[in-house]
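Each remark here refers to the structure printed beneath this line.
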């Protein structure tokens, strides 16, 4: 088997235990989003290439998996479809396609695979699940708050209790640049550099800012303000700047509306996040024990139009479900054993299959021995390998007596159960 | 919006109601398969092109969606990956890749999309869900019976009660040809023609068989035997032929082992199904009110090896879930309304968001008004549109009194609930 074919580079086969773990995590998050009144949405695995062209940056575009035209066109080597790269472009497309049929605001969640031809590496895959929740068509700050609550609730459902929302806003960041006299044209680059503060430290950031044309004095003063333990100093400065003031108001409104999260949201003046398309309050979630952000989001009022949809406001968030799953310990419920293992001895197979059917109809997980051994010991080993709680033994003697022996696989104890009472008797033994 | 982009040809956007219907059907079938001790398996959306090349017939190969090589190779126009065409080739590949890690026999189900570049038409899609259940590594006829029971049980879970398994076997069909002196070399073509009997009638089949080199007398006698109301005559003839006898024994063993299905399985001598890879008992399921087969399967002991996996016996079935979903009536549970709609009046939004959070934590589906109107009537219309059972009204008067009005949306009746008792009070009202 050394040369057996593998799954394509950067993809995974999900075998039972891991797949159950993934499914139960996805179900937990879906259940939370449903309680918030978000509706599920599933778009095709691919979109027309012309729909996605120009919608992603240059780097992202190079990561698209493109699908060859079919039939006689195949030899042309041209592509006309691309695998889903994210859930956002399809969302914008769906709003255009189905606009009038959708409720307004349109609150939807999408949990499903996306494909990116990234270089495969530890923890980075070419097929992975993204978990997005968005409200399209509402300017209300309550929509922002609802997303934050929903994401917090989803994290709790995934077993993450110790987390913190770092809240900032696009306008607060723009105000920050104005306060320190950084030219607007330099803004995006300067913010991208500031974003590295925690990773590379003050000195490296000051050096990079100098390259970008920001003096060391300005850089140091700005860093001192945004990295201070208390945000009071930077707050005072932002209050004095119109953009900064508006940004702070967005942040404070979101903090107020999410006060039920009891201190797990806070203004984070140094949290820089995707100036490229966010337009209002933005946030990122840190969780104890997890590297990087476990969730992120914000308001992006102009994105749907930019992606080809109508001009509607929007706010959303994304839960880093792959990152969370990678850190999660397997739980026993992810590996359900059999409730009942039926051994097969000395004929009577049709009766056994009927019994299996009845037990399954009563809701139990039941396996039937399908191997070639007629030895009980061998069959009990199979039952044990399948983590069976009970094994049913029905040899010639039991069949003649119209009964079966039911063995508790943990204790080894056996009890006789009459054929006529089989389902009820086995259910009783399972209840212990 | 007339020129809004659409989903690619032959694919569908699943909006909330339909998606919930699909998800609940898939969950019902998965739940059944789990009870039979089948484990879920999920393989990537694409396989390496060299893994699938030569594994499908020529026609199928022309329906593969192929993915362009990435990066600098993209301009070459060459493909190196193909979207999943079925769940069977990936199953064979997984057994090769993970062999030693898999239980033996390996019982798995796979429910997920496959992609085929078929010409889109009414009811035929380029992206659709296949629902397969297979046992690999067991020669036992109990494995065949278990698949039949599992499929029957899955059909019941999908709400189909009136169905019938038509059972035949590859050897019985081979025996049939021998009984009538049809040359082995003509066999596949002759059986393919016989398979059209119900569609085109005796006369057309006799004509086509003549073209294939079967005399009219032979054809008419064969058709009279296999189309007879009772299979007794053909049984007698097959019993007299060694292959026919073995085939009948396979059929009868499966009928005996599935006797718990109470007459919903029967020998069907004219049921011809995929001689190409089946090796033992084969079956198809007819259901009242459904065109064509709603499920099909059989034993295919040599296929896994032919597809590049190890040489292991296998038996499986497939439930036509798309066909079944297309006929299914929407059920009310597919369109859950809100349990509680919170209107937003005169401030107090942070308290409302907190209340919403608490109600959701208690398991309810809760929406908050996110529109721009401050008019109660407008907000109640929203609650009504969202099929809310209760609406919470908390204007300035209620806020001052530390309470809220809770309106039953069906009757219009309103009750006062104190803020301190909100969650319990609302839960009480929902219980009616």
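Of the residues A:87, A:73, A:98, which is without any contact (Cβ under 8 Å) to a residue 12 or more places away in the chain, in the same structural domain as residue A:277 (by TED's automatic domain parsing) and closer than 30 Å to residue B:338 by Cβ?
Numbers: A:87 fails: without any contact (Cβ under 8 Å) to a residue 12 or more places away in the chain; A:73 fails: closer than 30 Å to residue B:338 by Cβ.
Of the residues listed, the single one that is without any contact (Cβ under 8 Å) to a residue 12 or more places away in the chain, in the same structural domain as residue A:277 (by TED's automatic domain parsing) and closer than 30 Å to residue B:338 by Cβ is A:98.
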Count of residues meeting criterion [surrounded by fewer than 18 Cβ atoms within 10 Å (Cβ to Cβ) and at the interface with another protein chain (Cβ under 7 Å from one of its Cβ atoms)] in the stretch B:86-100: 2
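For the stretch A:361-432, give me every one of the strands (runs of 3 or more DSSP E) that falls completely inside it and has 3 or more residues that are within 14 Å of chain B (Cβ to nearest Cβ) and within 24 Å of residue B:103 (Cα to Cα). Walk me through it before giving the result.
Details: elements: A:366-368, A:390-393, A:403-408, A:414-418.
The strands (runs of 3 or more DSSP E) meeting that bar are A:366-368, A:390-393.
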Qualifying residue in the stretch A:53-61 (condition: within 10 Å of chain B (Cβ to nearest Cβ) and farther than 17 Å from residue B:98 by Cβ): no
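Applying the selection to the stretch A:255-275, what residues are surrounded by fewer than 18 Cβ atoms within 10 Å (Cβ to Cβ) and in contact (Cβ under 8 Å) with a residue 24 or more places away in the chain?
A:264, A:266, A:274, A:275
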Given (1) surrounded by fewer than 19 Cβ atoms within 10 Å (Cβ to Cβ); (2) farther than 18 Å from residue B:71 by Cα, number of the condition residue A:54 does not satisfy: (2)
Odd one out for residue A:358, checked against (1) surrounded by fewer than 16 Cβ atoms within 10 Å (Cβ to Cβ); (2) outside the structural domain of residue A:409 (by TED's automatic domain parsing): (2)
Scan of the stretch A:126-161 for residues that are within 24 Å of residue A:299 (Cβ to Cβ), assigned to a strand (DSSP E or B) and either facing chain B (nearest Cβ under 8 Å) or out of contact with any strand residue (DSSP E or B) (no Cβ under 9 Å at 6 or more places or on another chain) (or both), ordered by number: A:135
Qualifying positions in the stretch A:115-125 - under 22 Å from residue A:155 (Cβ atoms) and facing another protein chain (nearest Cβ under 10 Å): A:125
Evaluation of residue B:315 against (1) within 12 Å of another protein chain (Cβ to nearest Cβ); (2) more than 24 Å from residue B:157 (Cα to Cα) (one fails), failing number: (2)
Of all residues in the stretch A:32-51 being more than 7 Å from chain B (Cβ to nearest Cβ) and more than 16 Å from the chain's Cα centre (by Cα), the one that is surrounded by the fewest Cβ atoms within 10 Å (Cβ to Cβ): A:50
Some residue of the stretch A:65-85 being at pLDDT 95 or above, facing chain B (nearest Cβ under 8 Å) and within 16 Å of residue B:19 (Cβ to Cβ): no
Condition met for residue B:8 (at the interface with chain A (Cβ under 7 Å from one of its Cβ atoms), part of a loop (DSSP other than H, G, I, E, B) and without any contact (Cβ under 8 Å) to a residue 60 or more places away in the chain): no
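I'm trying to understand the selection: among the residues of the stretch A:181-194, which are at negative phi and surrounded by fewer than 18 Cβ atoms within 10 Å (Cβ to Cβ)? Explain how you work it out, then say what you get.
Of all residues in the stretch A:181-194, those at negative phi come to A:182-194.
A:183, A:184, A:185, A:186, A:187, A:188, A:189, A:192, listed by residue number.
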For residue A:252: the one exception among (1) surrounded by fewer than 17 Cβ atoms within 10 Å (Cβ to Cβ); (2) out of contact with any strand residue (DSSP E or B) (no Cβ under 9 Å at 6 or more places or on another chain); (3) at negative phi: (2)
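Inspect all residues belonging to the stretch B:91-109 and state whether any of them is farther than 30 Å from residue A:388 by Cα and in contact with a strand residue (DSSP E or B) (Cβ under 8 Å, 6 or more places away or on another chain).
Here is the first cut: in the stretch B:91-109, the residues farther than 30 Å from residue A:388 by Cα are none.
So far as the stretch B:91-109 goes, no, none of its residues is farther than 30 Å from residue A:388 by Cα and in contact with a strand residue (DSSP E or B) (Cβ under 8 Å, 6 or more places away or on another chain).
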Count of residues meeting criterion [closer than 24 Å to residue B:255 by Cα and free of Cβ contacts under 8 Å to residues at least 40 places away in the same chain] in the stretch B:302-319: 1
Number of the exception - residue A:121 against (1) free of Cβ contacts under 8 Å to residues at least 12 places away in the same chain; (2) crowded, with 19+ Cβ neighbours inside 10 Å: (2)
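Going by the structure shown, is residue A:234 buried (at least 24 other Cβ atoms within 10 Å of the Cβ) and without any contact (Cβ under 8 Å) to a residue 60 or more places away in the chain?
Working: buried (at least 24 other Cβ atoms within 10 Å of the Cβ): yes; without any contact (Cβ under 8 Å) to a residue 60 or more places away in the chain: yes.
Criteria met by residue A:234.
Residue A:29: touching a strand residue (DSSP E or B) at 6+ places or on another chain (Cβ under 9 Å) and more than 9 Å from chain B (Cβ to nearest Cβ), yes or no?
Details: touching a strand residue (DSSP E or B) at 6+ places or on another chain (Cβ under 9 Å): yes; more than 9 Å from chain B (Cβ to nearest Cβ): yes.
Yes, satisfied.
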Filtered residues of the stretch A:329-353 (kept if buried (at least 19 other Cβ atoms within 10 Å of the Cβ) and either touching a strand residue (DSSP E or B) at 6+ places or on another chain (Cβ under 6 Å) or at the interface with chain B (Cβ under 7 Å from one of its Cβ atoms) (or both)): A:338, A:340, A:341, A:342, A:343, A:344, A:349, A:352, A:353
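The values are calculated or read from the model by the stated rules, or taken from the named source; none is laboratory data. Please read all numbers here as calculations on a predicted model, not as lab measurements. Don't worry about glycine lacking a Cβ; one is built from the backbone with ideal geometry, like all the others, and counts go over all protein chains shown.
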